[in-house]
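Every number here is computed from the coordinates shown, using simple stated rules; none is lab data. Note that this is a predicted model, so its numbers are computed, not measured. Positions of Cβ are generated from backbone atoms using ideal geometry, with glycine treated the same way; all protein chains shown enter the neighbour counts.
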Amino acid sequence: MSGLVYLTLFHATGSLFYGFALICFLAGPLLAGFIAGKKSDTSRTSAALIAGGTVFGISLVLFIFTYAFMIILLITTVQLPSSCDGTYPSASLPAALRYSLPGGGEGIVVSEDSGTLVAARIDYEQSPHPSTVFLINRSDGNTLWSGSLPGDNIAAAMDDDTAYIFYEGLGDFIDKRTGMRHDRFLSMDNYGMNTNGNFQTTGIISFWKRDGTVKSLPRLTFNGIVRGCYIRGDTREITRL
């Protein structure tokens, strides 16, 4: 019941995660053990341990199902057309996707919000088109973070404080204020490889940072560049680059 309230009423708010976990994994089993012990006519200790352990086990299974398996059912994808063949024949980028990178050169806007954008510079001549991705502060144009990728399989999404940048299913989670990677000790996500002719436009990524804060089940919309095409996640529009 606490899980249903946490997920449906509070939309899995990260700040409430520990209260939810306390009820599920401590309060629930203790209450079950107490009730079973009081009602038992034989060994109260055994009845309490069995009931408490059963409730704890059920809670753990439901937790794993919610965070590791149920999220697989919530993804959406778009199929890439045959024109996305890994080449870049266009002489120039569409104006809406063009960005002048710090230090010179032209990049492609992959994802953006009011304060931050993710841009990519792609080597059009050399296959499999090595890329450099930049996280840029829009107010001053400074680069907060950059990373080199061996190809042009790029997916990016942002929420209030984090930029999620994926290459073939492997992601960097970057703090949008500092440009530092989040120091996390556990993460669960359903974001895939984008190597099978499809592009995944949504993803759910939960992670626990070493400072104790939790990002719990955010639903993210991804834009990306794959095989010479730009994919806009919210409209599922595909633009040949």
Taking other Cβ within 10 Å of each residue's Cβ, how do Tyr230, Tyr18, Tyr67, Tyr167 sort, fewest first? Tyr18, Tyr67, Tyr167, Tyr230
If the chain between Leu62 and Arg98 were fully extended at 0.36 nm per residue, the gain over the current Cα-Cα distance would be 8.4 nm
Fully extended, how many nm does the chain gain between Thr76 and Gln126 (0.36 nm per residue separation, minus their Cα-Cα distance)? 14.9 nm
What does the highest-first list of 23-36, 52-65 look like by mean Cβ count within 10 Å? 23-36, 52-65
Protection proxy (average C-beta count within 10 Å per residue), highest first, orders 182-191, 74-83, 144-153, 129-138 as 129-138, 144-153, 182-191, 74-83
Read phi for every residue in segment 15-22 and hand back ³J(HN,Hα) as whole Hz from Karplus 6.51 cos²θ - 1.76 cosθ + 1.60, θ = phi - 60°, with x for Gly and Pro. 5, 9, 4, 5, x, 4, 5, 4
For segment 41-163, evaluate the Debye formula with one uniform point scatterer on each Cα (no solvent term) and list log10 I(q)/I(0) at q = 0.15 Å⁻¹, rounded to two decimals. -0.84
Row for segment 46-98, column shape: gyration tensor on C-alpha, a ≥ b ≥ c, rounded if a/c < 1.5 i.e. under 1.5, prolate if a/b over b/c, else oblate; value prolate
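Per-residue ellipticity at 222 nm for the chain, helices alone: DSSP H runs ≥ 4 residues times -39500 (n - 2.57), over residue total, nearest 500 deg cm²/dmol? Intermediate results must be reported in sequence, preceding the final value.
Values: 3 runs with 39 residues, N = 241.
One gets -5000 deg cm²/dmol as the mean residue ellipticity at 222 nm.
Fully extended, how many nm does the chain gain between Thr235 and Asn196 (0.36 nm per residue separation, minus their Cα-Cα distance)?
Between Thr235 and Asn196, full extension yields 12.0 nm more.
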Once the Cβ-Cβ distance between Lys39 and Thr8 is put in as r, and R0 is 22 Å, what FRET efficiency do you end up with, to the nearest 0.05? 0.10
Nearest-ten-degree value, helix 28-39 long axis tilted from longest Cα axis of the chain: 20 degrees
Estimated inter-spin distance, Asp172 and Ser146, nm [label 7 Å along Cα→Cβ]: 1.1 nm
How tilted is helix 44-64 with respect to the longest principal axis of the chain? Cα atoms for both, answer in degrees (0 to 90, nearest 10). 10 degrees
Where a Cα-Cα gap under 15 Å defines reach, which aspartates and glutamates qualify for Lys176, not counting those fewer than 8 residues away within the same chain? Glu112, Asp113, Asp140, Asp159, Asp160, Asp161
Candidates for Kirkwood radius over Cα pairs in Å are (1) 23.2; (2) 20.1; (3) 18.8, and the calculated one carries label (2)
